[in-house]
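Worksheet: the structure to be examined is printed underneath.
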Amino acid sequence: MSTELAPSASSGELSQLRVVGELVERAHAERAELAGLPQREQVLLAAWLSSLRSRRTRRAYSGDLLAWLAWLGEREVDVLSAGRVHVDLWVREQEVAGAAASTVCRRLSALSSFYRYAAAHDLVDVVPTAGVARPTVDRDHTATIGLDGEQTRALLAAADAGPQRLRTAAIVRLLVHSAIRTDELTAADVDALSRDRGHRVLTIVGKGGRRVKIPLAPSTWEALEVYFEARAAAAGPEGWRQRPGQLRQNHLWELVRRLARTAGIDVWDQLSAHSLRHTAITLALDAGANIRDVQDLGRAP
């Protein structure tokens with residue numbers, strides 16, 4: 001394009017373009033599937049997601065909005081033109097398909113957050129989720145499948161015998177003994193390991209951006225030490241500090257299921273990314289742990 005025909009952009013416009021590009025790039029880093037959306041939707045979702053403080057919330061809500069956009073796309077409805085009738089129908093279809101009440105509620109929360117953001121920026125006149133009835137959630141029930149003591153020991157044995165057993169043993173022990181969330185583990189760095197009041201701890205960023213120190217069981221720390229020593233021997237004195245490849249939540253899910261299947265656990269195909277956290281809390285209660293200590297282990301639902 002010749003310079004005569006090329007529109008000149010002001011410094012303010014260029015600055016805005018750079019900000020938009022940075023927001024989209026960050027959104028892609030957390031949810032690669034966003035790159036498959038039309039450009040306008042990418043910018044909309046990236047801007048909205050940037051307003052959410054919690055990485056966990058951004059991850060969950062972005063998946064919910066992708067599902068919503070796909071559903072609207074099948075009906076040729078623009079996301080900024082969707083109305084209450086579309087939300088009601090979407091909710092009804094999920095309930096008929098057997099979606100858990102808690103899942104439907106979370107998805108509605110994601111939509112509400114998105115449309116409130118859009119309304120605040122004058123992109124929509126009405127928030128279509130306003131007034132939509134939420135399904136009743138039984139707070140005393142969880143659909144998460146956990147493991148009993150015997151199954152947990154079998155899983156640990158399988159982790160100790162796998163082809164990448166040093167890394168796998170450390171990961172599984174962190175999940176089983178510390179009740180760490182999968183996104184907390186994938187975001188953790190070796191520099192987050194330290195000693196506090198005589199205990200080995202892992203500092204993670206929990207809900208709301210709160211930094212939490214998680215005490216590590218001796219067997220967990222031993223597994224980490226063995227793994228780090230092996231990495232240092234292979235890559236030099238500072239080799240243990242080099243991350244061996246980004247862990248992703250879906251990789252952890254696949255790892256847990258594969259090990260459970262190897263261990264002969266009959267519910268291996270029903271395990272979720274949160275099953276070992278659920279297992280850790282349940283086993284602690286079964287062992288007679290103080291309820292306050294278990295609540296600290298849970299660090300909020």
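The values are calculated or read from the model by the stated rules, or taken from the named source; none is laboratory data. Just so it is clear, the structure is predicted and the values come from calculations on it, not from any experiment. Heads up, the Cβs are rebuilt from the backbone with ideal geometry, glycines too, and the neighbour counts pull from every protein chain shown.
Condition first: of a type outside the set (D, E, K, R) and surrounded by fewer than 18 Cβ atoms within 10 Å (Cβ to Cβ). Now tell me which residues in the stretch 264-273 satisfy that.
Result: Gly264, Val267, Gln270, Ser272.
Looking at Arg116, Arg84, Arg92, Arg75, which one is surrounded by 15 or more Cβ atoms within 10 Å (Cβ to Cβ) and of a type in the set (Lys, Arg)?
Arg116
Tell me, which helices (runs of 4 or more DSSP H) lie completely within the stretch 185-301 with 2 or more residues that are modelled with pLDDT of 85 or more and more than 30 Å from Leu52 (Cβ to Cβ)?
Here the list reads 218-235, 249-262.
Hey, any hits in the stretch 6-22 for a residue that's at pLDDT 75 or above, buried (at least 18 other Cβ atoms within 10 Å of the Cβ) and part of a helix (DSSP H, G or I)?
Within the stretch 6-22, not a single residue is at pLDDT 75 or above, buried (at least 18 other Cβ atoms within 10 Å of the Cβ) and part of a helix (DSSP H, G or I).
In this structure, does Arg153 turn out to be closer than 30 Å to Trp268 by Cα and free of Cβ contacts under 8 Å to residues at least 12 places away in the same chain?
yes
Being polar (S, T, N, Q) and under 20 Å from the mean Cα position of the chain (by Cα) is the filter; apply it to the stretch 247-286 and report the residue that is farthest from Thr168 (Cα to Cα).
Applying the filter and picking the extreme gives Gln270.
Anything in the stretch 51-79 that is assigned to a loop (DSSP other than H, G, I, E, B) and without any contact (Cβ under 8 Å) to a residue 40 or more places away in the chain? List them, or say none.
Correct list: Arg75, Glu76, Val77, Asp78, Val79.
Would you mind stating whether Ala99 is farther than 21 Å from Gln249 by Cβ, among the hydrophobic types (A, V, I, L, M, F, W, C), out of contact with any Ser or Thr (no Cβ under 7 Å at 6 or more places or on another chain) and not in a helix (DSSP H, G or I)?
In short, no.
Any idea which of (1) surrounded by 13 or more Cβ atoms within 10 Å (Cβ to Cβ); (2) β-branched (Val, Ile, Thr); (3) more than 30 Å from Gly264 (Cα to Cα) is the one Thr136 doesn't satisfy?
(1)
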